[in-house]
Amino acid sequence: GKAGNIKGKIIPGGNPYEGPRSRDYPNPALKTAYAGALFKEAAEKLGYKPFPTPSAANSQPYTNEYGATINGCVYCGYCQFFGCEMGAKASPQTAVLPNLMKQSRFELRTRANVVKVNLDSAKKRAVSVTYIDSRGREFEQPADLVLLTSYVFNNVRLMLLSGIGKPYDPAANSGVVGRNYAYQTPSGVTLFFEDKVFNQFMAAGGLGMTIDEFNGDNFDHAGLGFIGGGFFQAATSGSRPIEVRPVPRGTPRWGAEWKHAVAKYFNRSFPITIQGACQSYRSNYLDLDPAYRDAYGLPLLRMTFDRHENEHKMSVWITNKAAEIGKAIGPSKMTVSPRTEKYTIVPYQSTHNTGGAAMGAEPATSAVNKYLQSWDVPNVFVVGASAFPQNGGYNPTGTVGALTFHALQAIKTRYVKRPGPLA
Ligand SMILES: Cc1cc2nc3c(=O)[nH]c(=O)nc-3n(C[C@H](O)[C@H](O)[C@H](O)COP(=O)(O)OP(=O)(O)OC[C@H]3O[C@@H](n4cnc5c(N)ncnc54)[C@H](O)[C@@H]3O)c2cc1C
Ligand code: SF4
């Protein structure tokens, strides 16, 4: 990526709205694709400050502080939803695990499906976890300290299955586990051209040009009637055949005309995507499903969610702002798609779920403290975007990483020396 603020000094070419960093990113930004270059030019003309999207795909080979070498991305395009054939994506598997595997006291047990955290009789301390291996055998692993790091949904489900924290009851507005669930408010603008070819399939998952002018409190909300915002990105993240088939609005949905439009515009279009914020509401929550169960007979997690008027108003306004940039690029046709309809789980929108085990200052309204430590069972830490009280206008994983460092620092420097509540 490219830093936009180093120790309070705004750096041209980066995001001027970001918080101060101590240093630049370890690697330069990925290359700029044609779509990103057009977006950058138009956004600058309108007075915005575009910057290359920071990405976990490495722009060049890099050896990190744990001695792990992550290779350079070759823009193969099969990035999102796929493993990397180059070993170019920085993730715990490539960046941390190789080092851990060398340590004699570390053991990795794969295909171990944890089904419960077992508590002592007072329900104040975790004593072990129960897991089932790939052969269906059940094991109990004793533990002094348990870190739930199993993504938003499994973190919340394991808490509910294990009796860690009081389950949220939306009718009584009491309890905390399952509370504050939120999803994003994604929307977009698709630009179609007659004469420009984008080769969107030469891509990387996080390759794009972004602006942050309409995110969070970066703009004046006076008179708009909503809070929140989102970032706009001209992304070149891989046009996967069959899945990606953009056609202008009004194109027939099947037949020769549709086929002709898909063939023509597959390579002559690109989207400006918006990842918008979503507030938490009393009516949105996670709980254990009363009907559906998994292979072990345990209740599945149930999600109850819809966006509210605030999100719909926000989406219309910010999507129209993105359309202004789109228009300045000069497409022959443009589809503007704000998010105003009732929520549906299909089609895929993003994997940015948040909340359910929110962090906070009060046990009455949060499941974990600011160190991600359960208020009720202090030797359980619940790590992930499950801790977010709302879904902000950014993708979650950078913040998940930062919260993880914050929690681990407290565990290492304080909890291990003196186990007990940290807040
Ligand atoms: C296609 C795609 C694109 C994405 N793009 C972006 C992006 O551009 N930017 C961004 O910020 N985020 C993105 N995300 C989201 C990002 O991947 C997540 O925010 C991030 O991986 C969450 O990290 P985590 O460690 O909390 O959970 P995960 O990475 O999901 O790790 C959880 C681990 O726990 C294991 N596990 C779960 N349940 C159990 C159990 N019961 N017992 C044992 N193990 C268990 C799982 O197997 C998994 O290994 C994307 C996600 C997807 C799928
Ligand atoms: S585009 Fe993604 S999958 Fe392909 S080489 Fe780059 S990081 Fe790896």
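Readers should treat all values here as calculations from the given coordinates under stated rules, not as data from a laboratory. Since the structure is predicted, the reported quantities are computational estimates derived from the model, not experimental observations. Here the Cβ positions follow ideal geometry from the backbone for every residue, glycine too, while neighbour counts run over all protein chains shown.
General remarks:
- Fully extending the segment from K342 to R109, taken as 0.36 nm per residue of separation minus the present Cα-Cα distance, adds 79.7 nm.
- Within region 283-411: Cβ-based charge dipole about Cα centre, in debye rounded to nearest 20 (Lys, Arg +1; Asp, Glu -1): 500 debye
- The amide H of R21, built 1.01 Å from its N in the peptide plane, has N5, I6, K7, G8 as neighbours under 5 Å, considering only residues 5 or more places off or on other chains.
- Inter-label distance, nm, simple model (7 Å from Cα along the C-beta direction), D144/E85: 4.7 nm
- Between the beta carbons of E257 and L224, assuming R0 = 56 Å, the FRET efficiency works out to 0.90 to the nearest 0.05.
- Value of Rg to Rh for region 1-101 (Rh from inverse mean 1/r over Cα pairs, i.e. Kirkwood): 1.02
- T69-Y34 pseudo-label distance in nm [points 7 Å out on the Cα-to-Cβ vector]: 3.5 nm
- Order by protection proxy (mean Cβ within 10 Å, highest first), peptides 42-53, 286-297: 42-53, 286-297
- Computed on region 72-175, with alpha-carbon pairs under 8 angstrom and 6+ residues apart, the relative contact order is 15 percent.
- Amide H to amide H distances under 5 Å link S128 with N118, A143, where only residues 5 or more positions off or on other chains count and H is placed in the peptide plane.
- 20 Å reach of a label modelled at K123, 7 Å along Cα-to-Cβ, counting backbone N of region 398-423: 421
- Calculated [θ] (222 nm, deg cm²/dmol) that DSSP helices of n ≥ 4 give over the chain, each run adding -39,500 (n - 2.57): -5500 deg cm²/dmol
- Taking the longest Cα principal axis of the chain as reference, the axis of helix 151-162 is set at about 20 degrees.
- A simple spin-label model places pseudo-atoms 7 Å from Cα toward Cβ; at I132 and K264 they are separated by 5.4 nm.
- Relative intensity, log₁₀ I(q)/I(0), of region 223-332 from a Debye sum that treats every alpha carbon as a point, q = 0.13 Å⁻¹: -0.80
- Shown here are the Rg and Dmax of the Cα trace of region 237-281, at 14.3, 46 Å.
- Point-charge dipole on Cβ atoms (K/R +1, D/E -1) for region 163-302, about Cα centre, debye to 20: 500 debye
- Dimensions (Å) - the chain, Cα atoms, principal axes, largest first: 70, 51, 48
- Relative contact order (percent, whole number), region 159-236, Cα cutoff 8 Å, 6+ residue spacing: 22 percent
- Burial order of peptide ranges 264-271, 206-213 (average beta-carbon count within 10 Å, highest first): 206-213, 264-271
- Just so you know, the averaged projected area of the alpha carbon convex hull for region 268-384 sits at 11.3 nm².
- Take the Cβ atoms of A402 and R293, set R0 to 41 Å, and the FRET efficiency comes out at 0.70.
- Ordering I329, I211, V416 by Cα displacement along the dipole of the chain toward the positive end leaves V416 in first place; charges were set at the Cβ atoms of Lys, Arg (+1) and Asp, Glu (-1).
- Long-range tail of P(r) for region 101-233 (Cα pairs > 27 Å, %): 55 percent
- Mean separation of Cα contacts under 8 Å, 6 or more apart, over the residue count of the chain: relative contact order %: 18 percent
- Rounded to whole numbers, the Karplus 3J(HN,Hα) couplings from phi for region 362-374 are 10, x, 5, 10, 9, 8, 9, 7, 5, 9, 6, 8, 4 Hz, using 6.51 cos²θ - 1.76 cosθ + 1.60 with θ = phi - 60°, and x at Gly and Pro.
- The magnitude of the dipole of the chain, with charges of +1 and -1 set on the Cβ of Lys/Arg and Asp/Glu and taken from the Cα centre, is near 480 debye.
- In plain terms, the bigger the Kirkwood radius, the slower the diffusion; for region 331-377, with that radius from Cα pairs, at 37 °C and 0.692 mPa s, Stokes-Einstein puts D at 229 µm²/s.
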